[in-house]
Each structure stands twice: as C-alpha cells, then as structure tokens.
Amino acid sequence: MISVSEALKEILGTIHPLGLEKLNIMDALGRVMGEDIYARRNIPPKNNSAMDGYAVRAEDTASATQEKPAILEVIEDIPAGTIPTKKIGPGQAARIMTGAPIPDGANAVMRMEDAEKDGNNVKIFIEASKGLDVRKAGEDVQDGELIIARGAVLRPADIGMLAALGRAFVQVCQKPLIAVLATGDELVNVDEDPGSWKIISSNSYSIAAQVLDAGGIPLQLGIAKDTREDLLAAFEAAMRADIIISSGGVSVGDYDLVKDIMKEMGNQMQFWQVAMRPGKPLAFGNLRGIPLFGLPGNPVSSMVSFEQFVRPSIRKMTGHKLLYRPVVKAILREDIKKQTGLKYFIRAVLCREDGRYTVISTGEQGSGILKSMVRANSFICLPEDCETARKGDEVTVQIIDHSFEQRETPEYLQI
Ligand code: AMP
Ligand code: MG
C-alpha cells in the first residue's frame, strides 16, 4: 500500500504542461496566461486631468480665497480627445475636461466647483497645490513594466488591462482533452431504460463535470462492457486524448478486466492500493505515452480519487501555478471513528461561525452514497495514524466548493 502523497508525487512527476494557443481576449477569461505581458506604453500616455475644470499654474493661485479670488486669463478650451496647442504662462489658464492632456506650463487642475467663469477670465477661489487633480503619465502602468505574468488566471480586470495595453489576442495555455470511460456490464446510459436492476452510469457525468470544473475538455466515451473486445475498442478510441480516465474494473472481482487490458496495452502501469478511504484501488500509468487513471467504480470513490489525483494533474497540464484545493483548519462538530493506516476524506459541510470555521460530516459515508458528495462543500481529511477525532478537535479541511461562505447550516445538520 502506498500513501496518498507518494501516489500524488509519482503521478505529478509524469505530467507536463501542454503548449499554448492564441485567443481573442474575450475568449481568454478564466484561462491560464501563457506569456508574460509587458507594457509597451505608459498608461495614461500623458499627464491628464482627473476633473472637469481649469488647468492652472499652482503658483498663480497662491492665497486665493472666496473673497479675494485669483483672476486668470482663459487662453484655450481643451475637451477630452483634443491636444492642447498653447503653453500656459503666468496669469493664464485653460478650460479642461476629464481625461484631456494637461497643457505645457500648467501643473494643477482647479475643479469647476472652485472656479467661476468671468468673460475671458476665470476666478479661482482656493489655492491649488502642485499636482492637484493631475493624473501623471504612467501612474497606472509604466512603459516596460511586467503587468500580467505567465501562469496567472485571467479575470475581468486582466481582460480590461490587456485591452488597455493594446492586446486583442494573447497566448494562453491549452486545455487538455480528457477521455472519460465508464466500465461495467451492470451500467446503462442516462437515456437508456435501466429496467428493474441496472445502474445508470452516473460516473460518466460526475467525472466529465469534474473535468470541466478542473479546466479540461471532457471526451465522453460512454460505457464499455466488461469484455476484452469492448475494453480494447474503448481504450483505442481514447487514444486522441491528453489524459484517459476510466472508472470501475480495477479491484479484485472476476470481471475487473480493466487492469488486464491496461497491462496488455500499456507500459509502466501501476496498480496501487492507496492508503485512503474512499478510493483505495487506483491504477495509474500510461497507454502509449498518454497518462491513464483507472479510478475505482464506486461513485464517491471515483470522485474523491479524481479530486486528489486527477484534478491537480489537469491543472498542471493547463499551466496552473496552484494545483490544489485550499485547505483550512476547522473545529469538528461531532465524534468520528476511523480505521488507522488509511487517510480519510470525509464528505462534509464547512461553515464559518463567529469568525472561525466549523465542520460536520454529511452523514452516511459509504462509497456508493453519492448524496454524501452532493451535500458536501469540503472533505474532512483525517491522517493515517488518527483513530478517533473528537467533537471540538481542530481538523484539516479541504474546500471543494466556496459557496459555503454564503450558506447557512442546513436544518438536517443542526446539532
Ligand atoms: P467496480 O469498481 O467495477 O467493481 O464497481 C464498483 C461499484 O461501483 C459497483 O457497485 C458498480 O455498480 C458501481 N459503478 C461502477 N461504475 C459506475 C458508474 N459508471 N456509475 C455508477 N456506478 C458505477
Ligand atoms: Mg465493474
């Protein structure tokens, strides 16, 4: 048996980032930046006015008051989008609108509210300090400055900044294509009649959705029967993917053929017993160089194994700097018994109460209880050597869904 961290280390050692693709910035939201973006000009390009008012020389307004205003000659009108043509000399001013370049000679802007037009002159009622309401050239972005670094996840502000820098297209990291294959004679697809006893292949969808959520593109390959021919054909169809994920058929049952097929087709396949619950059986290796995850079939096990091993792999392939879910410490709200030797990932509800985190399990924790995932926003992670965690203990919690920040504790979990 190997530990979760050993398995993860071995897996990530074989995963490499994909190449880049060029996208219009509107398609780049949420994508990982593939290049360093340096500014090629100052923003703003020139000193400009932060207010509608009058561009003045600060020294000309010295000791101006309501009763004794400074009187300046208005020599030009500068709406935004025009270039000043005159230099402001002693005793002069220019009417100026927000965003227009400051004329030479001026060093401050007096707001409309603190001035009054008087024929060709303007009365200034207060003293301006040097630089008042002047936006300095380059105060936002300096020519040559590194603004967005490779590896950043692009958010709306980044998209706006790219536009401000004149970049309509950028290089982002490619998204991997991830083949998702369910295996099992007992399975039918969601649009088939399950009769009285067949199981609908929920894994085909939960895993494909996890792929999307992790930043990959799912290639949904449906269900393969537990026969050599069917499995071979399905894995063959998966060969154009960047990662292959199967679920089921990796434990020790009579029809768990996936392991044999993987051995037959692949090389360096590892069949692990990972010291975790749920998700103990895990196959990892590659099929002709394509990383392959053989996840266990139980609906919760496959999702938990995906979270711990596949999601960080997809994020690494996608060029993310941060591979893992955030982890916090929380106060446990119940007693939990466990078996030693295994790391537990207990589906749980994390809440923030009075400035601290508290956490409670979602109840029944069987590896077939998909509802335990549906109700969870986190995993309580109990280490291998832990035997019992007690109410009031501080435990490690991995957050898988941030909506808990707004969520109240549901009624069924009130204690
Ligand atoms: P296996 O690992 O193939 O032995 O499957 C373990 C359990 O998970 C069985 O009870 C299966 O019915 C169930 N299972 C396997 N694959 C899926 C799937 N794609 N969707 C839902 N349940 C599954
Ligand atoms: Mg099976």
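Only residues that are outside any strand (DSSP E or B), modelled with pLDDT of 85 or more and not hydrophobic (A, V, I, L, M, F, W, C) were counted in the stretch 265-279, giving 2. Restricting 351, 381 to residues that are in contact with a Lys or Arg (Cβ under 9 Å, 6 or more places away or on another chain), away from ligand 1 (no atom under 16 Å from the Cβ) and at pLDDT below 95 narrows the list to 351. Among the residues that make up the stretch 166-179, is at least one of them modelled with pLDDT of 95 or more and within 16 Å of ligand 2 (Cβ to nearest atom)? No - not one qualifying residue is present in the stretch 166-179.
The number of residues in the stretch 7-56 that are part of a helix (DSSP H, G or I) and either touching a residue at least 24 places away in the same chain (Cβ under 8 Å) or not assigned by TED's automatic domain parsing to the domain that holds residue 214 (or both) comes to 8. Within the stretch 280-338, the set of residues being in contact with a strand residue (DSSP E or B) (Cβ under 8 Å, 6 or more places away or on another chain), among the polar types (S, T, N, Q) and at pLDDT 95 or above comprises 301, 302, 305, 308, 313, 318. May I ask you to verify whether residue 206 is more than 15 Å from ligand 2 (Cβ to nearest atom) and of a type in the set (Gly, Ala, Ser)? Criteria met by residue 206.
Considering only residues that are charged (D, E, K, R) and more than 10 Å from ligand 2 (Cβ to nearest atom), look in the stretch 255-270 and name the one that is surrounded by the most Cβ atoms within 10 Å (Cβ to Cβ). That would be 259.
Within the stretch 231-259, residues that are touching a residue at least 24 places away in the same chain (Cβ under 8 Å) sit with their Cβ atoms under 6 Å from residues that are more than 10 Å from ligand 2 (Cβ to nearest atom) and of a type in the set (D, E, K, R), at 6+ positions apart or across chains, in these pairs: 250/259. Of the residues making up the stretch 1-60, those that are surrounded by 15 or more Cβ atoms within 10 Å (Cβ to Cβ) and of a type in the set (Lys, Arg) are 31, 41, 57. Based on what the data block shows, is residue 80 under 21 Å from residue 137 (Cα atoms), part of a strand (DSSP E or B) and without any contact (Cβ under 8 Å) to a residue 60 or more places away in the chain? It is false that residue 80 is under 21 Å from residue 137 (Cα atoms), part of a strand (DSSP E or B) and without any contact (Cβ under 8 Å) to a residue 60 or more places away in the chain. Within the stretch 152-185, being within 16 Å of ligand 1 (Cβ to nearest atom), surrounded by fewer than 22 Cβ atoms within 10 Å (Cβ to Cβ) and of a type outside the set (Asp, Glu) holds for one residue alone: 184.
Of all the numbered requirements in (1) away from ligand 2 (no atom under 16 Å from the Cβ); (2) assigned to a loop (DSSP other than H, G, I, E, B); (3) of a type in the set (Phe, Trp, Tyr), residue 197 misses one, and that requirement is (1). Each residue in the stretch 274-296 was checked for being out of contact with any Pro (no Cβ under 9 Å at 6 or more places or on another chain), of a type outside the set (A, V, I, L, M) and touching a residue at least 40 places away in the same chain (Cβ under 8 Å), and 5 of them qualify. For the stretch 238-249, give me each residue that is surrounded by fewer than 24 Cβ atoms within 10 Å (Cβ to Cβ) and within 16 Å of ligand 1 (Cβ to nearest atom). Within the stretch 238-249, just 238 meets the criteria.
Going by the structure shown, is residue 403 under 30 Å from residue 218 (Cα atoms), among the polar types (S, T, N, Q), out of contact with any helix residue (DSSP H, G or I) (no Cβ under 8 Å at 6 or more places or on another chain) and not in a strand (DSSP E or B)? It is true that residue 403 is under 30 Å from residue 218 (Cα atoms), among the polar types (S, T, N, Q), out of contact with any helix residue (DSSP H, G or I) (no Cβ under 8 Å at 6 or more places or on another chain) and not in a strand (DSSP E or B).
Scanning the stretch 200-237 for residues that are of a type outside the set (S, T, N, Q), buried (at least 22 other Cβ atoms within 10 Å of the Cβ) and part of a loop (DSSP other than H, G, I, E, B) returns a single hit, 216.
The values are calculated or read from the model by the stated rules, or taken from the named source; none is laboratory data. Small disclaimer: the values here were computed from a predicted structure and weren't measured. Quick reminder, even Gly has a Cβ in these numbers, built from the backbone with ideal geometry, and neighbours come from all protein chains shown.
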